[in-house]
């Protein structure tokens, strides 16, 4: 105890979290005999579950046992093994999904297994030297499982305030149910299918499921008589593509919606609020001309003609006279922007007329029963590929900007997700296998002397567990992933060039 470890980066956060998860899994096994499974991130923590619900007494005993392990400062060792030997070891222990992840690796490749007082597990990321580094954690009973809540890079000195992300829980539950029907439960399952030449089948099945869900959302909006649809989500969630596909689905049921983005309502650049470091705060609500936005939304919903601005990002000001329009009778207004779920943005509009959609790639796949695929990592890979394909940025620039992006999301987006009427999961089970083809060479180009080298290596080690999908031809032109990898011909050429 008393190591005074401070979470200063997202890399530190992952090491702290993986260490705490190791302690939790060991303690739960000793107290209940159960092998707890780590599910999705939820309620500012990790949702875990077993083959039965745990009582409050059992959870309290696990908490006490974790405290004892931490108090004893039991060392964590990172044991090196060959991929072939580790695969046999996991097969013997009945962890076939862990063994399956090593099936397509070089048999002599070195893999790391973490060990804590006789308990061993693969965490796919470095752990801290001993249990005593963990000084903050919380266990909380939730639904049929347990939440393990921990500090993070944005809240390093305390457990984040609790919020019940009930709609996220429901969205994860729906995705898990659909995924199980396809027979894909863990990463090894999809790797096997890709290896067997079935990647196109996986892509088509996933895209069909997304089309069906978008259609169902459109039906709910139209049948509910909603006047305005508000769409928000964190960076690289696929908001633009999803909004356009939703507009198409609504148009099949009624008239074509009017689609607007809040970016055209930025205040003049000279009026943009500043962050504490003196740089412009383009992410905050104060960067938008709320008076103009609310006035024009009121006028549109009243059937009046409105001169919608276009923001000139070169000169930093709004221009008018190019988009004079009005809503026809019964026409739905669709608004996409990071603040769309914040009621301050549409404070003059009756809540009964609104339909709010929160979009995020809520990763449907777990690497194994104890390791999830991080939603943040899924978005980071998307952004990295898009930044390179369309904005000319290298991976180093994307990684450097990422902490600031996530800090803004924690203030402007995540707190409002629970107010959504529906959560749309924009992820697909195949995307990381495909994004690896594009992202791997970008990450490998980061030099050892770069500040982003350690994080680049972490991501490289992580994506190497995903068997590549190099042929993107089966991905439809209107698929969400096209927003990141580019149009069909461009994506195909780009993938081959970068492979």
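The table for this structure:
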| quantity | calculated |
| --- | --- |
| Cβ-derived FRET efficiency at R0 41 Å, residue 400 paired with residue 292, nearest 0.05 | 0.75 |
| Fully extended contour minus Cα-Cα distance, from residue 325 to residue 451, at 0.36 nm per residue | 40.5 nm |
| Point-to-point label distance, residue 91-residue 299, nm (Cα→Cβ direction, 7 Å offset) | 7.1 |
| Volume per residue of the C-alpha convex hull in the range 111-209, rounded to whole Å³ | 183 |
| FRET efficiency, residue 55 to residue 347 (Cβ-Cβ, R0 41 Å, nearest 0.05) | 0.35 |
| Stretch gain in nm, segment residue 277-residue 411, where the contour uses 0.36 nm per residue and the Cα spacing is subtracted | 46.6 nm |
| Cut-off 19 Å (backbone N to label point 7 Å along Cα→Cβ of residue 312), residues of the range 245-280 | 263-272 |
| 222 nm mean residue ellipticity, helices alone, for the chain (DSSP H n ≥ 4; -39,500 (n - 2.57); rounded to 500) | -13000 deg cm²/dmol |
| Rg/Rh (Cα only; Kirkwood hydrodynamic radius) as it applies to the chain | 0.97 |
| Debye log10 I(q)/I(0) for the range 196-284, one point scatterer per Cα, at q = 0.16, 0.20, 0.25 Å⁻¹ | -0.80, -1.00, -1.28 |
| Per residue convex hull volume, Cα atoms of the range 403-489, in Å³ | 138 |
| Antiparallel DSSP beta bridges within the range 252-377, percent to nearest 5 | 70 |
| Taking N as its residue count, the alpha carbon Rg of the range 227-354 over 2.2 N^0.38 Å | 1.08 |
| Kirkwood-based shape ratio for the range 16-59, expressed as Rg/Rh from alpha carbons | 0.94 |
| Beta bridges per DSSP with both ends in the range 101-243, % antiparallel, nearest 5 | 100 |
| Gained length - residue 391 relative to residue 4, 0.36 nm times residue gap less alpha-carbon distance | 135.3 nm |
| Value in Å of the Kirkwood radius, where the range 10-149 supplies the Cα pairs that are averaged | 15.7 |
| Modelled FRET efficiency - R0 56 Å, residue 73 with residue 470, Cβ distances, 0.05 increments | 0.75 |
| Label point distance in nm, residue 198-residue 177, each placed 7 Å from Cα along Cα→Cβ | 2.4 |
| Sorted by Cβ density within 10 Å, fewest first, the residues 122, 95 | 95, 122 |
| Inverse mean reciprocal Cα-Cα distance (Kirkwood Rh) of the range 47-108, Å | 14.8 |
| Length-normalised contact order for the chain - Cα pairs under 8 Å, 6+ apart - percent | 16 |
| Beta bridges per DSSP with both ends in the chain, % antiparallel, nearest 5 | 65 |
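Bear in mind these aren't lab numbers, they're just calculated from the coordinates by the rules spelled out. Source: prediction; values computed, not measured. Ideal geometry is used to build each Cβ from the backbone, glycine not excepted, and the neighbour counts take in all protein chains shown.
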